[in-house]
Amino acid sequence: MPPDVKNLLECDFTAVEPETKWLTDIIEQNKLSIREVADQNNASARLYSIIETVKANGLEPYHYLKHLFTELPKANSEADVQKLLPWQIDPLTLE
């Protein structure tokens, strides 16, 4: 793989590393298997992706997630779910 392509594929999680300390603690405390760790890492990566997308859209993650978890159960269609995406939310409505 050419170096320029390799650089595009590398992920830098240094901005969220302090927020991942809890995962290391859980692994050490519970002696989790590699499969369990992989599953948790995938879930963590998805959560970090959501949080960074929320931030990129000018929203505060706590308020957005609170709104999402309150409104998502009420969604009855794909259109309802689409309205809950971070880029569809007005930051002033989440305060």
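The values are calculated or read from the model by the stated rules, or taken from the named source; none is laboratory data. All of these numbers come straight from a predicted model, not from anything done at the bench. Here Cβ is always computed from backbone atoms with ideal geometry, including for glycine, and neighbour counts include all displayed protein chains.
Identify all residues within the range 51-68 that are polar (S, T, N, Q) and assigned to a loop (DSSP other than H, G, I, E, B); write none if there are none.
The one that is polar (S, T, N, Q) and assigned to a loop (DSSP other than H, G, I, E, B): Asn57.
What's the number of the condition Leu59 fails, among (1) at pLDDT below 75; (2) touching a helix residue (DSSP H, G or I) at 6+ places or on another chain (Cβ under 9 Å); (3) of a type in the set (A, V, I, L, M)?
(1)
Looking at Asp39, is it in a helix (DSSP H, G or I), farther than 30 Å from Leu94 by Cβ and either modelled with pLDDT of 80 or more or under 17 Å from the mean Cα position of the chain (by Cα) (or both)?
The answer is yes for Asp39.
Report, by residue number, each residue of the range 37-95 that is of a type in the set (D, E, K, R) and within 28 Å of Asp25 (Cβ to Cβ).
Hits for the range 37-95 are Asp39, Arg46, Glu52, Lys55, Glu60, Lys66.
Going by what's in this entry, would Leu23 be described as surrounded by 14 or more Cβ atoms within 10 Å (Cβ to Cβ), at pLDDT below 80 and outside any helix (DSSP H, G or I)?
No.
Being surrounded by 10 or more Cβ atoms within 10 Å (Cβ to Cβ) and part of a loop (DSSP other than H, G, I, E, B) is the filter here; which residues of the range 69-95 pass it?
Scanning the range 69-95 gives Ala75, Lys83, Leu84, Leu85, Ile89.
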